[in-house]
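Structure first, commentary second.
What follows is calculated from the coordinates using simple rules that are stated; it is not laboratory data. It should be emphasised that the depicted structure is a prediction, and the values quoted were computed from it without experimental measurement. As a convention, Cβ positions derive from the backbone with ideal geometry for all residues, glycine included, and neighbour counts pool all protein chains shown.
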Amino acid sequence: MLKVEITHEKDEREKLEEALKKWGIPFYTEEIKANGKTVLKTTAFAPDFVINDLVDDIVRAVDMRKGHASITWSQVSGRSARYASAVKSLEKFRGRWSIADIEGLIEGANSQARIDPIQLTLGVVASIVALFGLISDNIVMIISAMLLSPILGPLYGFSLNVVMGRGRDALTALSSILKLLVAIFTTALAVSLLLKLFGLMPAEPTREILIRGDSGIFYILLAVLLGYAGIVAIVSRIPEILAGVSIAAALVPPTTVVGISLAMGWWGVFFGSLRLTVENVLGLLIGSLLGLYILNVSPRSYYEKRAAKLYTKRTIVVLGVMLLSLLLLELVK
């Protein structure tokens, strides 16, 4: 159980009490002196698992910009009869995010937003494995390449930092995604040119290559759904390897095909795979943002939350406009 103490103005008492009564938790209010001014201090007792949503309601009722306004909470032992009855009615909120959950998500996103040499090496290896699978029509090798690719981390870092209003960290994560894709592309191009030199490349595109050279509205919608599902899987604590394969499936093979087709001069496949790769990147970014936005993952402060939501909406609009442009190209091609 948590003891929550809120210092606020007298004229904010009614709104605050409405917010607390909404949760059905016990509280009491007393007058105190703060900075030489008489204000109110309301003390409430709440279950740990509702503090995230409870504080959101409190900051809407209390203007935290005022010097004496504050919200603090601490762990206490014991429970009252009224608290015990409140717990049962609040069980439905157990699935919501706690403060520790949010902080863990942020820490994880920031650690994964930056790409390191080991991850770049994995991207290179994934590209080579995917290339041999594509030119030999071996789906098992292509799936193996998806398992190796570390693309999920930067995508997750970008999405979470956007919804938290951390623009600089979001750009760092986006840069990491582009670095990985460039590594995959350049590796596929270089290896394809080397194999072509020794006459080891197929004369015509294989079936698996042709599949990745075709784009369309269906693939865009699929990328959005994959981005959404991947992020929901992560925040639902499903093993990252399962979510990562679906994300890698939309990026590693098409990006590898871009390098292969450029090396071989298969221009129809080249432009189709390039368009598919761009569509998948935009679709995955939009889908992951929508997932976190729908799950209501956001900063703690009410004012930071409002700014972050505006930032998220603007980012989705920008990505959406870019994706819409590609949709129009698909319709007129």
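Give me the extension gain from Val125 to Glu330: residue separation times 0.36 nm, minus the current Cα-Cα distance, reported in nm with one decimal.
Working: separation 205, 0.36 × 205 = 73.80 nm, distance 3.20 nm.
Gain on extension, Val125 to Glu330, equals 70.6 nm.
Determine ³J(HN,Hα), in whole Hz, for all residues of region 209-224 in sequence, where each value follows from phi through the Karplus function 6.51 cos²θ - 1.76 cosθ + 1.60 and θ = phi - 60°; x replaces Gly and Pro.
6, 4, 4, 7, x, 10, 10, x, 4, 4, 5, 5, 4, 5, 5, 4
Alpha carbon centre of region 1-34 versus region 261-294: separation in Å?
First find each Cα centre; the distance between them is then 51 Å.
If you take every residue apart from Pro202 with its C-beta less than 13 Å away from the C-beta of Pro202, what net charge results, scoring Lys and Arg +1 and Asp and Glu -1?
Combined, the nearby Lys, Arg, Asp and Glu give -1.
Mind ranking 66-75, 209-218 by how tightly packed they are, going by the mean number of other C-beta atoms within 10 angstrom, highest first?
209-218, 66-75
Relative to the present Cα-Cα distance, how much length would full extension add between Thr72 and Ile143 at 0.36 nm per residue of separation?
Using 0.36 nm per residue and subtracting the Cα-Cα distance, I get 20.6 nm.
How large is ³J(HN,Hα), in whole Hz, for each residue of region 269-285 in order, when computed from phi with the Karplus curve 6.51 cos²θ - 1.76 cosθ + 1.60 and θ = phi - 60°, using x for Gly and Pro?
5, 4, 5, x, 6, 5, 5, 5, 5, 5, 4, 5, 4, 5, x, 5, 5
When we measure straight from the Cα of Lys66, which lysines land under 28 angstrom away, once same-chain ones fewer than 8 places off are left out?
Lys3, Lys10, Lys15, Lys21, Lys22, Lys33, Lys37, Lys41, Lys305, Lys309
Quick check: convex hull over the Cα atoms of region 99-332, volume per residue in Å³, rounded to an integer? If you can, show how the numbers build up before the last one.
On the way: hull volume 24.6 nm³, N = 234.
Given the Cα convex hull of region 99-332, per-residue volume reads 105 Å³.
If amide hydrogens are placed 1.01 Å from N in the peptide plane, which non-local residues have theirs closer than 5 Å to the one on Ala34?
Val39
What full-extension length gain, to one decimal in nm, is calculated for Leu221 and Leu310 as 0.36 nm per residue of separation minus the Cα-Cα distance?
Taking Leu221 through Leu310 to full extension adds about 29.6 nm, to one decimal.
Quick one: net charge around Lys179, please, counting Lys, Arg +1 and Asp, Glu -1 for every other residue with C-beta under 15 Å from its C-beta. Present the calculation step by step, with values, prior to reporting the outcome.
Numbers: positive: Arg114; negative: Asp116.
Value of the local net charge: 0.
How do 198-204, 272-278 rank on mean C-beta neighbours within 10 Å, highest first?
272-278, 198-204
Tell me the net charge near Leu323. Cut-off is 12 Å between Cβ atoms, Leu323 excluded, with +1 for each Lys or Arg and -1 for each Asp or Glu.
Charge balance in the 12 Å sphere: -1.
Compute the Kirkwood hydrodynamic radius of region 157-204, taking the inverse of the mean of 1/r over all pairs of distinct Cα atoms, and give it in Å to one decimal.
For region 157-204, the Kirkwood estimate is 12.8 Å.
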